[in-house]
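Derivation of every value follows stated rules applied to the coordinates shown; laboratory data play no part. Being a predicted model, the structure only gives us computed values, none of them experimental. Backbone-built Cβ (ideal geometry, glycine too); neighbour counts: all protein chains shown.
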Amino acid sequence: MGTIYGYVRVSTREQNEDRQMRALYKVRIPKQNIYVDRQSGKDFNRPMYLRLLKKMKPEDILYVKSIDRLGRNYDEILKQWSILTKEKKVDIVVLDMPLLDTRRGKDLMGTFLSDIVLQVLSFVAENEHKNIRQRQKEGIEAAMQRGVQFGRPQTPTPDNFRQVYERWLNKEISGEEAARLCNLARTTFYRRAKTQKDITMGV
């Protein structure tokens, strides 16, 4: 029997990997054999995954919590699965899906069933990712329609803005001077000036 490894991926540096780590500890994978990437799953340019791939040898075993830890793109998941099992000749165990355990059913029928399950789950993982993004987009659009503001809070308009704006409009002062008098960044002043112009013109 070879060495056992675990792989963890979280989408961003803010996301917590504790859930995946606990699952790997439960099957007694040594901490030093667990490789963690905190990057997007849209590609496989991940330093820890690549390091793990280089380190593994035939008969080693790789554990992951769920199939989408290998990626959320259907073709890429299948490609990496093939690299691991056929080129590297390691076994893969997906803890959330006992059917995806290449140590079992190494006969033709077992391999056939495993491949079918893998393709179905890879397809589901990719579509779930697309559905999440679509729901996020719809949620943001609905919130914007309700008047919810996203991004940084807008700097309050200074009390002297209208007076300074009129002087700038009449070319009495430059935009840089106007921004300084209003204690605003120059780009912010120009943006507010455009809004003020639109209001004045009834746009």
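The listed peptides 74-83, 25-34, ordered by packing as a protection proxy, come out as 74-83, 25-34 (highest mean of other Cβ atoms within 10 Å first).
Compute the FRET efficiency between Asn16 and Lys55 as 1/(1 + (r/R0)^6), taking r as their Cβ-Cβ distance and R0 = 22 Å, and round to the nearest 0.05.
Values: r = 25 Å, r/R0 = 1.16.
It comes out at approximately 0.30.
Extension gain for Lys31-Asn183 works out to 49.4 nm (0.36 nm per residue, less the C-alpha to C-alpha distance).
Here the gap between Gln196 and Arg104, fully extended at 0.36 nm per residue and compared with their Cα-Cα distance, gives a gain of 26.1 nm.
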